[in-house]
1. For the range A:116-152, which residues satisfy the criterion of being touching a residue at least 40 places away in the same chain (Cβ under 8 Å) and surrounded by fewer than 15 Cβ atoms within 10 Å (Cβ to Cβ)?
2. Look at the range A:50-99 and say how many of its residues are at pLDDT 95 or above, in a loop (DSSP other than H, G, I, E, B) and more than 8 Å from chain B (Cβ to nearest Cβ).
3. Scan the range B:113-128 and give yes if some residue there is within 13 Å of the chain's Cα centre (by Cα) and either assigned to a loop (DSSP other than H, G, I, E, B) or within 28 Å of A:K42 (Cα to Cα) (or both), otherwise no.
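The values are calculated or read from the model by the stated rules, or taken from the named source; none is laboratory data. Remember, predicted model here, so these are calculated numbers, not experimental data. Every residue, glycine as well, gets a Cβ built from its backbone with ideal geometry; the counts of neighbours run over all protein chains shown.
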Protein chains: 2
Amino acid sequence: MLEIEAKAEVDDLEAVREAVLRRGGAFLGREVQRDVYFAHPKRDFAETDEALRMREAGGRFFLTYKGPKLDRETKTREEFEVEVFDAGNAEEILHRLGFRRVLEVRKTRESYRLPGYRVMLDEVEGLGSFVELEKEAGDYSPQEMADLFKDLGIDPARMERRSYLELLLEKI
Amino acid sequence: MLEIEAKAEVDDLEAVREAVLRRGGAFLGREVQRDVYFAHPKRDFAETDEALRMREAGGRFFLTYKGPKLDRETKTREEFEVEVFDAGNAEEILHRLGFRRVLEVRKTRESYRLPGYRVMLDEVEGLGSFVELEKEAGDYSPQEMADLFKDLGIDPARMERRSYLELLLEKI
């Protein structure tokens, strides 16, 4: 349930796509994702560095809890996800339990597989272009992820630990 | 989303089953239900008369929120339910959000349909036998439900507004 992830902002997704394909990246899919984030009735998730999210993608719905980040470089954290059949009722249940909608994040995500990694090319409405790396299994090394960014022509100095939600909230 | 329900304790489920069948009741099914109830991180559900439940029945999982009861005779209340694919992850998400397991209620439920109603014959572990009426649509009348109990040979004086959870907690 550990999500070993790192993210970096990029100027040119097309250049990254070409670099991924040159390294033999396999195209996994492209989808629009609508993520609704919720505030907890008691805790301040901004302080505890947690998140609760309902994602709609390809007509399916996923409720996800994200725990606090575990290191200072990447956005690796514990994550638990469950698919739900009916987003309307799921949201109504959350609402009745005192959870409040904070913000919606919309993005187009293109996914590729490289050995041991998923690479996600995100265009986020109102924010710009980002690349996410997700290690599929095994130990993680922030250095290894920084090296993979470099191999893909991405400046590791542009690694970004803040979530899309946090980045959007800072712009408001 | 209004659950128009009433419940009564009975001594003899077999007699009720015969009365339901005599009135033309259609058998809908029989299943074992395992209900886990959760406590809210901030509210005392016993005070607010709400409930959050994860039900396992026939290999499927349902998360249900129940609002406060709306009258003094029946157990009619608002209810929102969503089917989830993975009860383990759903429970883990609840746990991380601060919800705590209170108790598990196990019962065998046999369901029948009478015009406008579902009739449930419940054998509840550690509690005994109960009959639940659930009106399928339309306005509700506590008197109409009491009359249907009488028609099925059940004493309306034995109507019970406390939930199985509450009854089990009182026995501890």
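1. Residues satisfying the conditions are A:G126, A:G128, A:D151.
2. 1
3. The first filter runs over the range B:113-128 and keeps only residues within 13 Å of the chain's Cα centre (by Cα), leaving B:118-124.
This time we only want the ones that are either assigned to a loop (DSSP other than H, G, I, E, B) or within 28 Å of A:K42 (Cα to Cα) (or both), so: none.
The answer is no, given that none of the residues of the range B:113-128 is within 13 Å of the chain's Cα centre (by Cα) and either assigned to a loop (DSSP other than H, G, I, E, B) or within 28 Å of A:K42 (Cα to Cα) (or both).
Okay, residues lined up against (1) buried (at least 18 other Cβ atoms within 10 Å of the Cβ); (2) among the charged types (D, E, K, R); (3) touching a residue at least 24 places away in the same chain (Cβ under 8 Å); (4) touching a strand residue (DSSP E or B) at 6+ places or on another chain (Cβ under 7 Å):
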residue	(1), (2), (3), (4)
B:Y37	yes, no, yes, yes
B:P41	no, no, yes, no
B:K66	yes, yes, yes, yes
B:F85	no, no, yes, yes
B:E91	yes, yes, yes, yes
B:L97	yes, no, yes, yes
B:E104	no, yes, yes, yes
B:S111	yes, no, yes, yes
